[in-house]
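What follows is a short report on a single structure.
The values are calculated or read from the model by the stated rules, or taken from the named source; none is laboratory data. Keep in mind that this is a model prediction, so the values were computed, not measured. Glycine gets a Cβ as well: all are built from the backbone with ideal geometry, and neighbour counts include every protein chain shown. Side chains are part of the model used for accessible areas, which takes the heavy atoms of the whole protein and leaves out ligands, DNA and RNA. Shrake-Rupley method; radii C 1.70, N 1.55, O 1.52, S 1.80 Å.
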Amino acid sequence: MHEVGLMQEAVGIAGHHAREAGATRIRMIRVRIGESSGVVREALEFAFEAVTEGTMAEGAALDIEVTPTICHCAGCASEFKPANVFRECPSCGSLSTDIVQGMELELTSLEVT
Ligand SMILES: [Zn+2]
């Protein structure tokens, strides 16, 4: 499962930052996932429980923010939210291959004690 690896990485980074800050427990981890990242929220939550077990993030809350997909059109230089998987530009009808937002998985903030 893809999400386990992602979560392991996020929790690893969070742990590094928490230790640097002199913290002993991670209370909350906030992540941002793109609508087009292929990451499933429920799977991420499940993976979070699994990978934090026995770590300083055990029992921490996971806050997930989902960002919508935004495409850039090379034809007319507009940015739009695609209505379907073909990502057709509503202004000129070009098919966009350039996703400017919505593919990300980022650790956005952390609460530690
Ligand atoms: Zn266009």
For region 52-76 the number of residues that are assigned to a loop (DSSP other than H, G, I, E, B) and among the acidic types (Asp, Glu) is 2
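For the condition within 16 Å of the ligand (Cβ to nearest atom), open to solvent by less than 70 Å² (accessible area, probe 1.4 Å), of a type outside the set (A, V, I, L, M) and under 18 Å from the mean Cα position of the chain (by Cα), what is the one hit in 69, 52? Break it down into steps so the answer makes sense when it comes.
Working: 52 fails: within 16 Å of the ligand (Cβ to nearest atom).
Going through 69, 52 in turn, the sole match is 69.
For region 77-113, name all the residues that are charged (D, E, K, R) and either touching a residue at least 60 places away in the same chain (Cβ under 8 Å) or assigned to a loop (DSSP other than H, G, I, E, B) (or both). Before you say what the answer is, go through the steps one by one.
Step one: filter region 77-113 for residues charged (D, E, K, R), giving 79, 81, 87-88, 98, 104, 106, 111.
The answer is 81, 87, 104, 106, 111.
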Single unsatisfied condition, residue 19 versus (1) touching a strand residue (DSSP E or B) at 6+ places or on another chain (Cβ under 6 Å); (2) at pLDDT 95 or above; (3) assigned to a helix (DSSP H, G or I): (1)
By residue number, the members of region 41-51 that are closer than 12 Å to residue 7 by Cβ and either out of contact with any strand residue (DSSP E or B) (no Cβ under 8 Å at 6 or more places or on another chain) or assigned to a loop (DSSP other than H, G, I, E, B) (or both) are 43, 46, 47, 49, 50, 51
From the residues in region 75-113 that are open to solvent by 70 Å² or more (accessible area, probe 1.4 Å) and of a type in the set (Ser, Thr, Tyr), which one is nearest to the ligand (Cβ to nearest atom)? 91
